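The structure under discussion appears below in the form of structure tokens.
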Amino acid sequence: MFDLEKLEQIIGYSFQNRRLLHQALTHSSVSGSTSANYERLEFLGDRVLGLAVAEMLYRSFPAEPEGSLSQRHTALVCKETVASVVRGLEIDKFLFVASEDIRENENVLCDVGEAVIGAVYIDGGAETALNFVRTHWQSLIHKNITPPRDGKTWLQEESLARHLGMPVYNVVSREGSEHEPVFHVSVSLPGTEPQTGQGRNKKMAEQDAAHKMLIALGCIHG
């Protein structure tokens, strides 16, 4: 059994009801019950994270238009960022999973990060949960002075400049459960090999596909 008190010290929050933290750390491979695993808490935490980051960006960049704020927001709540925060807080070491490889899955780490936020919300209230996000995302807000460039917009601009027409996106497949879906989306341009991206929703998969096409076109290296 993990020492959850140690984890509370690491994340900077002590639960009144530690069972909520235990639930937030429990993968469906250990318990299929929605009252015992993190899925419902992840649903709530996802919304709390989105609101907290939106508020932080609104206050931190008063002169930026909505489009730039949206690009920043997408980068700060994406799977890779949330998983990175989870690893930084060593939450991944405290997960209750049926097999160790699950502990390294970025989709799972993202879900658990959101579930922990949801658990803090239930245990301590809205302001406590918002402060939790502010604490652990604050250093990321100003990490990039300029907003990240939107991959789909960049690809569209590049393809039109090369007279290739508009990129065409198609959903190739959808895998996973209702709570942990993975979408595969392809993007096509005349004279180039189609590129396929993946993500937790169609929008994220399209962005991933656009990024890969930009690499194929030589706009991004690596």
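Would you point out the residue of the stretch 56-111, among those that are assigned to a helix (DSSP H, G or I) and among the polar types (S, T, N, Q), that is nearest to R134 (Cα to Cα)? Filtering first and then ranking leaves S60.
The residue that is surrounded by the most Cβ atoms within 10 Å (Cβ to Cβ), among those in the stretch 10-56 that are without any contact (Cβ under 8 Å) to a residue 24 or more places away in the chain and farther than 22 Å from V97 by Cα, is A54. Among the residues of the stretch 165-204, those identified as in contact (Cβ under 8 Å) with a residue 24 or more places away in the chain, in a loop (DSSP other than H, G, I, E, B) and surrounded by 15 or more Cβ atoms within 10 Å (Cβ to Cβ) are P167, E180, L189, T192, R200. Screening K143 on (1) free of Cβ contacts under 8 Å to residues at least 12 places away in the same chain; (2) closer than 18 Å to H27 by Cα; (3) outside any helix (DSSP H, G or I) shows it passes everything except condition (2).
Within the stretch 71-87, restricting attention to residues that are in contact (Cβ under 8 Å) with a residue 24 or more places away in the chain and not β-branched (V, I, T), the residue that is farthest from D150 (Cα to Cα) is A83. Restricted to the stretch 80-103, and to residues that are more than 20 Å from D3 (Cα to Cα) and surrounded by fewer than 17 Cβ atoms within 10 Å (Cβ to Cβ), which residue is farthest from the chain's Cα centre (by Cα)? Only one residue fits best here, namely D101.
With respect to R59, determine if the residue is assigned by TED's automatic domain parsing to the domain that holds D92, of a type in the set (K, R), over 17 Å from the mean Cα position of the chain (by Cα) and surrounded by fewer than 16 Cβ atoms within 10 Å (Cβ to Cβ). Spelling it out, R59 is indeed assigned by TED's automatic domain parsing to the domain that holds D92, of a type in the set (K, R), over 17 Å from the mean Cα position of the chain (by Cα) and surrounded by fewer than 16 Cβ atoms within 10 Å (Cβ to Cβ).
The values are calculated or read from the model by the stated rules, or taken from the named source; none is laboratory data. If you're wondering where the values come from, they're calculated on a predicted model, not measured in any experiment. Positions of Cβ are backbone-derived with ideal geometry, glycine not excepted, and every protein chain shown enters the neighbour counts.
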